[in-house]
Amino acid sequence: MPSVPVMRRAFAEKDPSFDGLFVVAVRTTGVFCRPVCRARPPRPENVEFFPTPAAAARQGYRPCKLCRPADVAAAAAPSPAVELLVRLIQSCAPDRVTSDDLATAGVDPSTARRQFRRHFGMTFAAYQRARRLADAVGEARAGGGAVAAQMAAGFESASGFRAAARRAVGAVSAADLRSATVLASARILTPVGPMLAIVGEAGVAVCDFEDRAGLAAAVDRARVRLAPSGRPAMIVRGDHPLLSRVAAELAEYFAGRRRAFDVPLAVGGTDFQRRAWDYLRGIPYGQTRSYGRQAADVGSPKAVRAVGRANGSNFVSILIPCHRVVAGDGTLAGYGGGLARKRWLLDHERRVAAGAEA
Ligand SMILES: [Zn+2]
């Protein structure tokens, strides 16, 4: 979060470039707002700041009906400046987009870069580098030689290009580049925090909370698993039909309009892990099962610890609903994304299921 004086000023000025970076909660009304809210401003001594709508909700605040801070679709939509940057990268390829280009296009470079970083979870420069290498892989696949690939990637020198390609995909020749695998990733904003999604052609490989322990190692495993060439796949932020689908299905889930997920998964796993994960996908929405029952149903009543480990090694949260498995006495037990999220997800599903029956 920005510093409190910065947030106070941003809120007073309704600065849209801070929208999504924090929410403002008002003690006297019990309501929280986006920084851009048009409602009558509260007295400064009555406000407190939270990084996310979920954090404010956990403290008992309700979302404002005017500015709708918990609206996932609004929070996940890129700002006009971010959309412009993505278009600029596409139209300028293979050249780099400079601060002058941004100024010419009429956006303030530092605001645009800050919003870009917030939306994609990476810097504008890093995004451009990754895009250029992905273009090089495409060019090499299309039959171009090393020089064509280098040009497609916008590198002036062959040595600079080779070094970047080696770092990104371990590629040293045009043939290496042709056989490189590119996975696409996106940051998906949800009411319980940002998630990182990574997809290959076969399906969703990773979709989990950005702050989850072990996520980096899970991503590295996916890069190896989904790369038939034997060299780890490179991951590029950007567009992919499966990314749009997983984002849309998650938005529907959080809006209470979706109970099961249809987007294909590419999760690998041992036979036992796959049985455990298939079982999780069979637990009805809004219900829970105990680890003991899951172990018995998966094949061995003694495998309670093993199913716990298998559930814990699931890095496609929510889509594979390991949050629906709880301890035998009904307590929540563990969850990779943290117990507060597990409680939130189960409450959400029970509320939606109860509402549908009422
Ligand atoms: Zn408001």
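Laboratory data are not the source of any read-out in this text; all were calculated from the coordinates shown. Since the model is a prediction, treat every value here as computed from it, not as a measurement. Glycine gets a Cβ as well: all are built from the backbone with ideal geometry, and neighbour counts include every protein chain shown.
Ordering His323, Cys67, Ala216 by Cα displacement along the dipole of the chain toward the positive end leaves His323 in first place; charges were set at the Cβ atoms of Lys, Arg (+1) and Asp, Glu (-1).
The modelled label-to-label distance between Glu45 and Asp271, using points 7 Å beyond Cα along the C-beta direction, is 7.0 nm. Of all trypsin sites (Lys or Arg not before Pro) in segment 195-269, which ones are in loop regions per DSSP and have a Cβ with at most 12 other Cβ atoms within 10 Å? Of the trypsin sites (Lys or Arg not before Pro), the ones in loops of segment 195-269 whose Cβ has at most 12 other Cβ atoms within 10 Å are Arg257. Annotation: amide H-H contacts under 5 Å for Leu265 (H modelled 1.01 Å from N, sequence separation of 5 or more, or interchain): Val204.
If you run the Gaussian network model on the chain, springs between alpha carbon atoms under 10 Å, then out of Arg87, Arg68, Arg117 the most flexible one is Arg87.
Remark on Ser290: its backbone amide H falls under 5 Å from those of Val326, a criterion applied only to residues 5 or more positions apart or on other chains, H modelled at 1.01 Å from N.
Among beta bridges identified by DSSP and lying wholly in the chain, the antiparallel ones come to about 60 percent. Taking 0.36 nm per residue of sequence separation and removing the Cα-Cα distance, the Ala202/Arg289 pair yields an extension gain of 28.4 nm.
Take every DSSP beta bridge whose two residues both sit in segment 4-69; close to 70 percent of them are antiparallel. For the chain, the Cα gyration tensor yields ellipsoid semi-axes of 36, 33, 14 Å (square root of five times each eigenvalue, largest first, whole Å). Annotation: amide H of Arg237 within the under-5 Å range of Ser185, sequence separation 5 or more or interchain, hydrogens built in the peptide plane.
Here the sum of -39500 (n - 2.57) over DSSP H runs of 4 or more residues, divided by the residues of the chain, equals -14000 deg cm²/dmol at 222 nm, to the nearest 500.
Dividing the radius of gyration of the alpha carbons in segment 4-69 by their Kirkwood radius gives 0.90 for Rg/Rh.
Modelled label positions at Arg258 and Ser159, each set 7 Å beyond Cα in the direction of Cβ, lie 4.9 nm from each other. Note on Lys65 and Val224: the model spin-label points, each 7 Å out from Cα along the C-beta direction, lie 5.5 nm apart.
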